[in-house]
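Asker: First, the structure itself, so that you have it in front of you.
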Amino acid sequence: MAALATNGALWQPQEQGIKEICGLLEQQMSPVPNSDKTQIWQQLQHYSQFPDFNNYLAFILSHAEIKPVEVRQAAGLLLKNNLRTVFNTMAPANQQYIKSQLLPCLGSPDRHIRTTAGTIISVIVQLVGVIGWPELLQALLTSLGSADPNQVEGAMDALSKVCEDVPQVLDADVPGMTERPINIFLPKLFEFFGSPHALLRKLALNSVNQYIMLMPSYLYTSMDQYLHGLFLLANDPAPEVRKLVCSAFVQLVEVKPSFLEPHLRNVIEYMLQVNKDGDDEVALEACEFWSAYCDAQLPPENLKEFLPRLIPVLLSNMVYADDDETIAEAEEDESVPDRDQDLKPRFHSSRLHGSEEVEEDDDVVNVWNLRKCSAAALDILSNVFGDNILPTLMPLIQDSERSQQLTMDTSYCVSSFIGMFVVEANLSASDDESWKQREAAVLAIGAVGEGCINGLYPHLSEIVGFLIPLLDDKFPLIRSISCWTLSRFSKFVVQGLGDQNGNEQFEKVLMGLLRRILDTNKRVQEAACSAFATLEEEAAEELAPRLEIILQHLMCAFGKYQKKNLRIVYDAIGTLADAVGGELNQPKYLEILMPPLISKWQQLSSFDRDIFPLLECFTSIAQALGPGFSQFAEPVFQRCINIIQTQQLAKVNPTTTGVQYDREFVVCSLDLLSGLVEGLGSGIESLVSQSNMKDLLLQSCMDDAPDVQQSAFALLGDLARVCPVHLRPYLPRFLEITAKQLDISKIKDTISVANNACWAIGELAVKAQQDIKPVVMTVISSLVPILQHTQELNKSLIENATITLGRFAWACPELVSPYMEHFMQPWCNALAMIRDDIEKEDAFRGLCAMVKMNPTAALSSLPFLVKAIASWHEIKSPDLHNEVCQVLHGYKQVCIDSIP
């Protein structure tokens, strides 16, 4: 292959090099075995070692007209991928050559070449900005004004991609230009709104839409022109343009709703119209408007009059279309193997110590569609308008007074709910023709279940009773949606326990969901397990008398489920353990629960990612069983240690271990160890003493991955509570590493790590006492700024910082008390917000110790101190109660003595 020409000569490819590369690209695209494709890829990677390999790819893309366009496009895509990693380290002459070949491609007669070139141009702009390619902007402007339609389209495509990928580069000052590039391009883009070519209208509108969030000054001052363009395109014959119009209105209502206020009525009318668009993507984009409107906290009155027309549209869009792929997929029974695409990625959430738990979004990787968006819109509308939407949901009710009072009988209530679908109230009818409408009606009931709870409450018993038979419907999608809708009313179902009717209904819901957990349909299994987990959280200890039957069903499911749904069973088992706690620690329950889990534990490799949900499940079980888990603890503990050790070695040298490093194995294992420590308490000491756990933990605390650190500091704090003696040889290092995490200048980037570190170092202070002296001032100087920025940081971190400061003051009052006046007011304010518990007691012990040592420093903050003390409902510790009383009496005497 030719090397780069020197002495200023232009680079020229060798014919043999072109032939070899094109040949490889042709082979790669041909239907050859995977093994052959691997060899081809390896050969291409070998060629990439040559400095001018990417020059060849650029030449093939731009000049190899005799080759099939697919080969040229493949060369361009390979070039794009290569440039992402090597462009900034390439010789300047090679960089310039590639850029010079791309610009002419924008006018290629073949659209594939034009769009590929546009993609590569965007990648280069991402890497070097427009400053690193000064001729690009003028080339794009010139092409946009060209009489050649190919040239115009190619330039517009490239510009649109730059606006999508790095919009900020055009809204920045560029040396040598009197205006920011976006100020020059926006007027041009507005002109193309009126183009006779749909593709140009689409690309122009897409480009402008990228700047709604950034809102450059030119767009701000040209908003009337932009809105005029949107109204002009509102009924565009091209659905992709209408979709972008809807997207623009959605973004505007989110970012700058004041711009839409003069036109709001017309915008709502339009969005209502296109919410019924024949193109589902357009309708979906329009449907996003209703949630965005409500989230923007615009006056609900503006939308209220449209509800009688909007809600029927939403309900209609919630009905499965005849060609919806979900219908066919839902027919798969449990014997059909899971496909790889069915197994959505799972991500473990590291342990967080504090009052704020992160909620997992189960739908985050699910396909978002018009049906789900419509249900979400109905949900948020019900939360905004509450019971006021019920009369609209009850179109069969003509008597407005009666509908407002919501005193109709059961069948009338439910039939009104679904009036636009079913005249009869009996949803459990097995009419094959209407099942999609019946299914959507059940979805609607669940969607408004939270927002309209006050209006529904008198009828919830009837509604729940109405839904229970649907758990046995012949259609799997009705069975699955009924599980979800019942889960929305879990709190009500549990609240009914205590009277005979409530007990009976709870049993029916419980057994109905358990039956569906053993359904033969995989989609129903998933819905039932998720619904049951919600019921578990609400019912908690109420499930204890029913544990045997619950465990029998869950473990039966455990034995029959395939991989995807098995993950949900793990979650249901873990949630059950969290809910019933120590009630699970009985031999008859453990005989049902543990053997299948231990068998699976033994089957799975320590390098199989399917072990993650099992590790999480064991974490909950260990915490629930407490000392009762000791009979299972040793092999679980040792395997966690081995996993962490192997992964830490793999991180340094994967060749030695034979595995690729995956930090999630470390995170899950650290969290399970935390669960063991929390459950076994001091019973973990013998296992810790015989292992190298301390070394592995120290290494994990210093890891460069925040999630590893977060879990490591959680484990550190847990160990400090139950067996601090084993941490003592490493105490200076642990204190030093933990203190570094509290630097206020870096804390916002890794707030969860700081949160756990803050809690852990407080636990160390309680046990180590005077041994923390070397880091006292470092920690205090970090904690005080946290307490001074309570509006910017999360509640959990503020609480932990407040408690830890008190614990340090308790351990070393002589070091902390001289600085009291600098933090007393924000600290006392934070103390007043903390709930009564043993951690608050520790903090107040520190407060009392400092006041005794330096009473005058707190005198100027006396009102704040009294407010903090008054926040207690009851100080249960007699010793602390006496100390607090002494502090108050002392200041009372000071106040009396100060009276003239």
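Asker: Report, to one decimal in Å, the Kirkwood hydrodynamic radius for the chain based on all distinct Cα pairs.
Answerer: Value: 32.7 Å, from the Cα pair sum.
Asker: Something else about it: Dividing the alpha-carbon Rg of region 12-165 by 2.2 N^0.38 Å yields what?
Answerer: Values: Rg = 15.4 Å, N = 154, 2.2 N^0.38 = 14.9 Å.
Cα Rg divided by the expected 2.2 N^0.38 Å: 1.03.
Asker: Here's another thing I want to ask about it. For each pair in 202/243; 748/795; 795/892, compute the distance between the two Cα atoms and list the pairs where it is over 21 Å.
Answerer: Values: 202/243 9 Å; 748/795 13 Å; 795/892 33 Å.
In this structure, 795/892 exceed 21 Å between Cα atoms.
Asker: While we're on this one: May I ask which of 276/436; 508/563; 740/767; 773/852; 161/188; 694/746 have a Cα-Cα span longer than 22 Å here?
Answerer: Values: 276/436 18 Å; 508/563 29 Å; 740/767 20 Å; 773/852 19 Å; 161/188 16 Å; 694/746 26 Å.
Going by Cα-Cα distance, 508/563; 694/746 fall outside the 22 Å limit.
Asker: Would you kindly compute the Cα radius of gyration of region 815-900 and its largest Cα-Cα separation (Dmax), both in Å?
Answerer: Final numbers for Rg and Dmax: 12.4, 41 Å.
Asker: Go ahead and collect, in residue order, the members of region 178-212 whose backbone nitrogen is under 16 Å from a label point 7 Å along the Cα-Cβ direction of residue 141.
Answerer: Under 16 Å, as judged by backbone N against the label point of residue 141, lie 178-191 of region 178-212.
Asker: Sorted from largest down, what three extents in whole angstroms do the Cα atoms of region 722-878 have along their principal axes?
Answerer: Cα extents, longest axis first: 40, 33, 28 Å.
Asker: Then there is this: Roughly how many percent of the accessible protein surface of region 606-726 is carbon and sulfur, given a 1.4 Å probe and a whole-percent answer?
Answerer: Working: 2080 of 4270 Å².
Answer for region 606-726: carbon and sulfur cover 49 percent of the accessible area.
Asker: May I ask you to give the percent of accessible area on region 756-899 that is carbon plus sulfur, with a probe radius of 1.4 Å? Don't jump to the answer; show the numbers that get you there.
Answerer: Numbers: 3540 of 6280 Å².
Here carbon and sulfur together make up 56 percent of the probe-accessible area.
Asker: On to the next question. For the pair residue 29/residue 598, report the inter-label distance in nm, with labels modelled 7 Å from Cα in the Cβ direction.
Answerer: Each label point is offset 7 Å from its Cα along the Cβ direction, giving 6.0 nm.
Asker: Mind running the shape call on region 130-215? Use the C-alpha gyration tensor, a ≥ b ≥ c as the square roots of the eigenvalues: rounded below 1.5 for a/c, prolate if a/b tops b/c, oblate otherwise. Could the numbers behind the result be given before it?
Answerer: Values: a/c = 1.90, a/b = 1.31, b/c = 1.45.
Oblate, since a/c reaches 1.5 and b/c is not below a/b.
Asker: If you don't mind, another one. How high is the FRET efficiency between residue 48 and residue 605 when r is their beta carbon distance and R₀ equals 25 Å, given to the nearest 0.05? Present the calculation step by step, with values, prior to reporting the outcome.
Answerer: Numbers: r = 35 Å, r/R0 = 1.38.
After rounding to 0.05, the efficiency reads 0.10.
Asker: At a 10 angstrom cut-off on C-beta neighbours, averaged per residue, how do the peptides 462-474, 217-229 rank from highest to lowest? Don't jump to the answer; show the numbers that get you there.
Answerer: Numbers: 462-474: 18.3, 217-229: 15.7.
In decreasing order of mean packing, 462-474, 217-229 become 462-474, 217-229.
Asker: Just to confirm, what accessible area per residue do you get for region 12-165 at 1.4 Å probe, in whole Å²? Write out the running numbers ahead of the final one.
Answerer: Working: 6950 Å² over 154 residues.
So region 12-165 comes to 45 Å² accessible per residue, rounded to a whole number.
Asker: Let me ask something else about it. Quick check on packing: order 563-572, 736-745, 88-97 by the mean number of other C-beta atoms within 10 Å, highest mean leading.
Answerer: Numbers: 563-572: 21.2, 736-745: 18.0, 88-97: 14.6.
For the peptides 563-572, 736-745, 88-97, the packing ranking is 563-572, 736-745, 88-97.
Asker: Using a Debye calculation, one point per C-alpha and no hydration shell, please list log10 I(q)/I(0) for region 606-726 at q = 0.15, 0.21, 0.23 Å⁻¹ in order.
Answerer: -0.61, -1.20, -1.41
Asker: In whole Å, what three semi-axes, largest first, describe the equivalent ellipsoid of region 429-552 built from its Cα gyration tensor (square root of 5 times each eigenvalue)?
Answerer: Values: eigenvalues 97, 68, 28 Å².
The three semi-axes for region 429-552 are 22, 18, 12 Å.
Asker: Just how much of residue 435 is accessible, in Å², when a 1.4 Å probe is used and the result is rounded to the nearest 10?
Answerer: For residue 435, solvent-accessible area is about 20 Å².
Asker: For a quick protection proxy, order the peptides 100-109, 860-869 by their average other-Cβ count within 10 Å, most packed first. All intermediate terms of the calculation are to be shown ahead of the outcome.
Answerer: Details: 100-109: 19.3, 860-869: 16.9.
So the order, starting with the most tightly packed, is 100-109, 860-869.
The values are calculated or read from the model by the stated rules, or taken from the named source; none is laboratory data. Everything numeric in this text was worked out from a predicted model, so none of it was measured. In this analysis, Cβ positions are derived from the backbone assuming ideal geometry, glycine residues included, and neighbour counts consider all displayed protein chains. In case anyone asks, the SASA skips ligands and DNA or RNA and just uses the protein heavy atoms, side chains included. Shrake-Rupley method; radii C 1.70, N 1.55, O 1.52, S 1.80 Å.
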